[in-house]
Amino acid sequence: MSAAQSAAPARSLSRLAAIREAAPHPTRWRHVVGYMLAVYRREWQGSVFSAFIEPLIVLAGLGIGLGVLVGDKAAAITGGVSYVAYIAPALMASSAMNLGAGEAAWPILARVAWVRIYHAIIATPLNAADVMVGAIAFIVGKVAFAATFFAAVLLITGITTSPGGAVGMIAVSILTAFAFAAPIVAFSVTQKTDQGFAFIFRLIITPLAFFSGTYFPIENLPGPAQLLSWCTPLAHAVALSRSFALGTPLTLGWLHILALLLWGLCGTVAAIYLFRRRMLK
Amino acid sequence: MTNSAAEPTALIRARGLTKAFGARTAVAGIDFDVRDGEFFGFLGPNGAGKTTTMRMIAGVSPRTSGTLEIFGEDPDLHGSAIRGRIGVVHQQETLDMELSVRENLLVFGRFFGMDRASIASRADELLELFQLSDRAKDQVEPLSGGMKRRLSIARSLIATPRILMLDEPTTGLDPQARHLLWDALQRLKRGGTTIVLTTHYMDEAEQLCDRLVVMDQAKIVAEGSPRQLISEHASREVLELRFPNGTDSIDAAILDGIGDRYERLAERVIIGCENGEAAHARALAHGLNPESWLVRRSSLEDVFLRLTGRSLDE
Amino acid sequence: MIASFAPRAFSVFERNVFVYRRQWLMIVTGFFEPLFFLLGIGYGVGGVIGTIPYAGSDVPYAAFVAPALLASAAMNGAIFDSTFNIFYKLKYAKVYDAILSTPVGVGDLAVGELLWSNLRGVIYATAFLVVMLAFGLVHSPLALLAPLAVIFIGFSFGAAGFAITTHLRSWKDFDFLFILLTPLFLFSATFYPVEIYPGALRAIVELSPLTRGTHLVRSLCFGNLNLLMLVDVAYLSAISLIGYRHAVRRLGALLLK
């Protein structure tokens, strides 16, 4: 009886220790970022196009080209600015989504299932949570870099005129990358082959790029589709990004930021839990 | 070119067979015959030219010069027809990871132009023979190394080839899997299949081959049955003496007097002789004081090392 | 015809049928991409644009874009198969080394793979044609010929993709492939008429194989028969032939050393 009583606090202490053991360390995750940077430094040429050039081509192809067709009718949806200026901040957010999601898919699966480098990393003092936090941080950092480039191009070409707005758009891209990368990393660490990515990208990421207010206002969608759109991160990112770019006020702006943070944080917790489950069995 | 009457059963005939990749000569004018129904081996260190020779025979590597006849025909001219009668097992696994075990056989049968019904029955027969029936529906990836190799061989046999070519078939397998595979190959040979294999394992060549050639640096350096090669190029027994403090200080004249020939390594002296026990006694009598010693029968390994040079220390 | 110069091509084709019986999901999901483009750009942005002039009359924007999406669906079906999948089999899985140890030759191999990648293109095009019919975007019975017309698109992109793939060294190089593909898709008269490009730029756009393929399919869908369609077919056939011959030569150099 008394033995059981004295064991109780010990058990709760050990539960605390177990939680601390599973949680990310405040700084160790940086070593994972360091590892990924080392790999990236060797392979960066291969991703220059998808990270930097492709968004500009899409902007030129759909913004300028469609802009010609839209012509004067643009004002009806853009509130006066050109069609290119209207979709540029949205494209910036959606390319943050594309890049963040892409980096969270194949490269992560490769390290979990094919190269199995993460098996080697968690054999060191780093734990599963450090690896996940480091991996997500690296992806977010990479997107931040690409977003800065994109914003600079927008400023130089005069598509966006406010430098302060450009800084705001970069911040939105970082949040967007977090909101997409974390849940997709959580998905990737449970996969054995890359077949599941066909679902994620073709049935979720691609339609999101179209129906999140990127090319035309969400209000033009049928009612239920509007609701669905607001449940996903990109609609919030597009609303924020456009508001920064055009300097238009946004009602309940904090709610949009909160939505993106929530997606990212829940994704991170899920990623840590699922990755740990895969590694420790 | 017609076959001479003296060797009507040579399935593979090479004369002056040469393959150069740019400035590098991988095979330098070799001659050999593989007879119908025999188990023929190419033995040699890595880079000796074995795999290149196999690729030329299999009709996937055009030769630079010399003549090569498979079933009396030139593989550079009748490659497809010749490949239809040869089964090939590559050194690296080339199984189709996107297909199941049984599908690997079904798809391969179609490459040989077989009809679906005979492929299906042949596939089941081969799966049974190579003890893979209960894995027929599984993916290839999770199979063990031994199972994958058995599947590779089963696949190469789908069209019942006259010649089976195996490039280092047991490299990377554990001993049990190796012996299983040897048994399977012996069975095939008894069934009349001509088998050509490359290996750098002496025991494998000794166990399996009726006849073999030893290749080194793009050339054939010896040819014969394992017994013949051992009696021609090695003594009956080998005495090995171990000196942990090095062998440099031992007088060559003393070593000369112990056996027929000797080989001085960093910490060992290997002595070829007629009688190992007697040689050991002579060594002690000459005042040698090895830390340990052993006597064994000569093997193909001794022939191999003698012919290709002792480069294992590198 | 195929049976005489590549007698074993169908056995290579059959291998892919076996593989994709398990990976049908990959094929099914590929169909949705042009559908999202139709809904998002054709109807979404089209709602703002309204109608645009085509062949002398004003047509709804969605009807203008749909044939281009059908053509690019065929292009995507063919090109993804002839690049990613073929690279995997060529460099990574060593599937071709095994295949070439059988009576199958490099010609059989190339034809078999191209037949397969083309079939994917035709499947996507046919499925998309059904969508167009359902949405009332088809203006002529000639549109029923579109799935046949895309065979020219499929062969040209399949063969060109195959030829390029034989030069790729690692997965990293695929990023460079997309440097070609994304602009090809966006700028090949897909979303707006070639007439909006200024002089020299327009000449370049007219030479894009997808511009030619789109012109072919769009003419059929609107029942607008014209002589330029013969140029389209000849141009795409020439690319197919050059791509095929280069791919076979490179395969021989890579695999039959």
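The values are calculated or read from the model by the stated rules, or taken from the named source; none is laboratory data. From a predicted model like this one, the values you see are computed outputs, not experimental measurements. As a convention, Cβ positions derive from the backbone with ideal geometry for all residues, glycine included, and neighbour counts pool all protein chains shown. With ligands, DNA and RNA removed, areas are computed over all heavy atoms of the protein, side chains included. Shrake-Rupley method; radii C 1.70, N 1.55, O 1.52, S 1.80 Å.
See the values below:
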| read-out | value |
| --- | --- |
| Residues of the protein assembly as shown: accessible area per residue with a 1.4 Å probe, Å² | 43 Å² |
| Cα-based helix-to-principal-axis angle, C:106-134 vs chain C, degrees rounded to 10 | 30 degrees |
| Inter-label distance, nm, simple model (7 Å from Cα along the C-beta direction), A:Ala60/C:Arg249 | 3.1 nm |
| Label-point separation in nm, C:Phe32 to C:Leu230, each point 7 Å along Cα→Cβ | 4.4 nm |
| Percent carbon-and-sulfur accessible area, the stretch B:10-224, ignoring ligands, DNA and RNA, probe 1.4 Å | 48 percent |
| At q = 0.17, 0.18, 0.24 Å⁻¹, base-10 log of I(q)/I(0) for the stretch A:81-177 (Debye sum, equal scatterers on each alpha carbon) | -0.74, -0.79, -1.14 |
| Probe 1.4 Å - accessible area at A:Cys231, Å² to nearest ten | 80 Å² |
| Packing-based order for B:24-36, C:148-160, using average beta carbon neighbours within 10 Å, highest first | C:148-160, B:24-36 |
| Difference of contour (0.36 nm per residue) and Cα-Cα distance, B:Ser292 to B:Ser121 | 55.7 nm |
| Whole-percent pair-distance distribution, where bins are 5 Å wide, for the alpha carbons of the stretch B:106-184 | 3, 15, 26, 25, 20, 9, 3, 0 |
| Whole-number percent relative contact order across the stretch B:10-224, with pairs defined as alpha carbons under 8 Å at least 6 apart | 30 percent |
| Peptide C:188-195 - average C-beta neighbours from other chains (10 Å radius) | 2 |
| Radius of gyration and Dmax over the Cα atoms of the stretch B:1-144, both given in Å | 17.9, 51 |
| Whole-angstrom Cα spans of chain B along principal axes, big to small | 75, 48, 37 |
| Whole-percent carbon and sulfur share, accessible surface of the stretch B:235-298, 1.4 Å | 44 percent |
| Largest to smallest accessible area among A:Lys73, C:Lys89, B:Lys148 [probe 1.4 Å] | A:Lys73, B:Lys148, C:Lys89 |
| Bins of 10 Å from zero: percent of alpha-carbon pairs in the stretch B:235-298 | 25, 63, 12 |
| Relative contact order (percent, whole number), the stretch C:1-105, Cα cutoff 8 Å, 6+ residue spacing | 22 percent |
| Charge context of A:His25, other residues only, Cβ under 15 angstrom, K/R +1, D/E -1 | +2 |
| Average partner coverage of C:14-22, which counts Cβ from other chains inside 10 Å | 5 |
| Charge tally in the Cβ shell below 12 Å around B:Thr160, where Lys, Arg are +1 and Asp, Glu are -1, B:Thr160 excluded | +2 |
| Estimated FRET transfer efficiency when R0 is 22 angstrom, pair A:Ile204-A:Leu262 (beta carbons, to 0.05) | 0.80 |
| For the stretch A:124-170 versus the stretch B:251-314, the gap between their alpha-carbon centres in whole angstrom | 70 Å |
| Å³ per residue enclosed by the Cα convex hull of chain C | 134 Å³ |
| Rounded to the nearest 20 debye, dipole of chain A from Cβ charges on Lys, Arg, Asp, Glu | 1100 debye |
| Approximate spin-label separation B:Asp31-B:Asp138, in nm, with each point projected 7 Å along Cα-to-Cβ | 5.0 nm |
| Area of A:Thr157 that stays accessible when all protein chains are in place (1.4 Å probe, Å², to 10) | 90 Å² |
| Surface share of carbon and sulfur [accessible, 1.4 angstrom probe, percent] for chain A | 70 percent |
| Residues in the stretch A:129-148 reached by a label modelled at A:Ile156 [backbone nitrogen below 13 Å; 7 Å Cα→Cβ] | A:148 |
| For the stretch A:26-279, Kirkwood radius (reciprocal of mean inverse C-alpha pair distance, Å) | 18.7 Å |
| Rounded to 10°, Cα long-axis angle of helix A:233-246 versus longest principal axis of chain A | 50 degrees |
| Candidate residues A:Ile159, C:Ile204: accessible-area rank, largest first, probe 1.4 Å | C:Ile204, A:Ile159 |
| Theoretical ellipticity at 222 nm over chain C - DSSP helices of four or more residues, -39500 (n - 2.57) apiece, nearest 500 | -21500 deg cm²/dmol |
| Solvent-accessible area buried by pairing A with C, both sides, nearest 100 square angstrom, 1.4 angstrom probe | 2900 Å² |
| Principal-axis tilt of helix C:9-22 within chain C, Cα atoms, nearest 10 degrees | 70 degrees |
| Protection proxy ranking, peptides B:254-261, B:157-164, A:75-82, average beta carbon neighbours within 10 Å, highest first | B:157-164, B:254-261, A:75-82 |
| Cβ-derived FRET efficiency at R0 41 Å, C:Trp171 paired with A:Phe149, nearest 0.05 | 0.95 |
| Alpha-carbon Debye profile of the protein assembly as shown, log10 I(q)/I(0) at 0.05, 0.07, 0.10 Å⁻¹ | -0.40, -0.72, -1.14 |
| Averaged over B:54-66, number of beta-carbon atoms from partner chains that fall within 10 Å | 2 |
| Using a Förster distance of 51 Å, the FRET efficiency for C:Leu142-B:Trp182 (Cβ separation, nearest 0.05) | 0.15 |
| Solvent-accessible area buried by pairing C with B, both sides, nearest 100 square angstrom, 1.4 angstrom probe | 2400 Å² |
| Area of A:Tyr40 that stays accessible when all protein chains are in place (1.4 Å probe, Å², to 10) | 50 Å² |
| Pairs of Lys in chain B closer than 16 Å at Cα, counting only those 8 or more apart or on different chains | 4 |
